[in-house]
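The values are calculated or read from the model by the stated rules, or taken from the named source; none is laboratory data. Being a predicted model, the structure only gives us computed values, none of them experimental. With ideal geometry, Cβ positions are generated from the backbone for all residues, glycine too; neighbour counts draw on all protein chains shown. For the accessible areas, the whole protein counts, side chains as well, though only heavy atoms, and no ligand, DNA or RNA atoms are used. Shrake-Rupley method; radii C 1.70, N 1.55, O 1.52, S 1.80 Å.
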Amino acid sequence: MKRTPWQTDLEFHQIGRSLTQDAPTALRLITNPTIPLQFNDITMNPISINSTSTDTNARTLISTIASSLNAAQYALDVVEVWRQRSNRLPHSIESTAMLVTAIVGDSVRLLHDLLPQPCTSLPLRSAPRSALRSVSELRSTYSLAILRSVNGLVDANNQGGGTKRSVASLASNINLPAWLVDLRHDISHNEMPSLMTLRVASTTLVEYFSSNYFAEKLLLREKSYEVFLQMLVRFKRTSKVLLNKDEDGVCTATSADHKENNAAVADIANCSNLAISTEALLTFLVHGDESLSKSPGVLLSGKTDARRRFKGLIVALQRKRQAFSKALLSCLVLRKGEGEGEGQVQDEQLSWISYLLSRDYLSNFEGKLGVFKGSNLREKSEGRWKGDERAWMEGRVKDFSEVEDLVGYDLNLLVDMLDEVGEAEDEKQGPRALLVEALGNCRKSGARRRRRRSAKKRKIIEIDNTPTLSLVEMERACDEEGEGEGDREEEEEEEEEGEGEGEGEGEDGEKGGEEVAEDNFVYWVLSEQKSGCG
């Protein structure tokens, strides 16, 4: 199954929206301001601003520009995280990030030139890195981003073959403006274009990537989401058929019904789009969706047959993707509900949390967890379990740290998140109590883990702050150290001679003299080599 550098499709589209909209908007507001940016006593502090309408409008405009630039810089930081996760990002993302980097740097410099105060006083994430860029640096950054963007688009459209086609003809096939191809030629072979021309070209390319890549991805996501919803509807229908019984209480499901249900489960588990399937499943199971079920989700609907219908689906999903159980448990633990019937929903919520932490669920992925009195209960049908066997399977493992990596749970983090929210649990069997019970002696508070992280961080900072010496400073330090050692050795020799006749010429003294002579010889050779090279 293909994995993406971004965690969810929602993250991808949010970052794409910030890249393609926030940075061009900030540049457009700066280069074409609707109100003057230069006026007396301007400051980002609302208290010291005069109460005139002009100052209020200017403050609003500058706050909008700063917010747009911060959002764009945050998106660039996230793209850098994606780049660390993947060996190679799609060309459209790489090119858009390069173009936006140039636009952000240019926008910060324009603010620095327009405003009467230093740009570093503004609340900008990118100010320290971009405020001092010169015009030539900006032109070079713009030119490189434009060159790589156009070349990548044209190369992707060139399918090879015996006939060679020009760059202009290839660009026309993808609706790329011809003047961008001419500008690319000027950047490569002629004089570098002006900064104003480069700005227009960069914003045009960002708009091109927005409409031809990010918007197309969003449309594809919506279509894929609809297809996946149809899969869930099919599973909901087939799983309900398996529970049908006649008047005598005998199940009427046939082997064909079981096969159809198994096929529906396999289609959902083998869905190629990991982000869409996880997002849709959590909505279907926990949050609830109007097209699938009422709010809340089907797991919390309060029906007695919910465990039998959806337990097999959850196990199949965990076997296909290790992070699913972690996402489901987090969603159940952190869920907040209001309204009528919430008490029953909370009971179902605690029941499913207990199941995800029980041997019954974990033994599906580690068979030895289901061994009770020498018998592996996982090999028996659940309906044939006795009372003590069922109680054993519904219980917790003794040391949860041994199986925590089996399904990717981080129970300590979930407990810390519940503590940060600060919601007190009236009952003793709330989500936090279940997690603490499962952890047992493995419970580690967030403050303790933060202290460990801060200690490691201090060590890293100490290493990073170690002063680096140049070659001349290293030679000077070696000379001073050599002179100091020579003075100390002379003093030691004088003290040894003063102790008595013949007592200063022991074996240790001879060895020390040999070492000093050897050090002086090496230092003399190095000095000769250095003088010869000079």
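Restricting attention to segment 337-363, and to residues there that are aliphatic (A, V, I, L, M) and modelled with pLDDT of 85 or more, which single residue is most open to solvent (accessible area, probe 1.4 Å)? Top of the filtered list is L350. The set of residues in segment 298-337 that are in contact with a Pro (Cβ under 9 Å, 6 or more places away or on another chain) and part of a helix (DSSP H, G or I) comprises L332, V333. The set of residues in segment 195-210 that are open to solvent by less than 60 Å² (accessible area, probe 1.4 Å) and out of contact with any Phe, Trp or Tyr (no Cβ under 6 Å at 6 or more places or on another chain) comprises L195, T197, R199, A201, T203, T204, L205, V206, Y208, F209, S210. Once segment 9-32 is narrowed to residues that are farther than 11 Å from T203 by Cα and of a type in the set (S, T, N, Q), the residue that is nearest to the chain's Cα centre (by Cα) is Q14. Against the test of being under 33 Å from the mean Cα position of the chain (by Cα), of a type in the set (D, E) and open to solvent by 70 Å² or more (accessible area, probe 1.4 Å), the options E366, E402 yield a single qualifying residue, E402. Restricting attention to segment 212-234, and to residues there that are open to solvent by less than 60 Å² (accessible area, probe 1.4 Å) and at pLDDT 90 or above, which single residue is farthest from L299 (Cα to Cα)? Among those that are open to solvent by less than 60 Å² (accessible area, probe 1.4 Å) and at pLDDT 90 or above, it is Y213.
Picking from residues in segment 260-295 that are of a type in the set (D, E, K, R) and farther than 17 Å from L10 by Cβ, the one that is modelled with the lowest pLDDT is E290.
With the requirement that a residue be in contact with a helix residue (DSSP H, G or I) (Cβ under 7 Å, 6 or more places away or on another chain) and more than 21 Å from W352 (Cβ to Cβ), what does segment 378-398 give you? Correct list: E389 only. Taking the listed residues L328, L299, L334, L317, the one that is under 28 Å from the mean Cα position of the chain (by Cα), open to solvent by less than 30 Å² (accessible area, probe 1.4 Å), within 27 Å of E420 (Cβ to Cβ) and modelled with pLDDT of 80 or more is L328, with no other qualifying.
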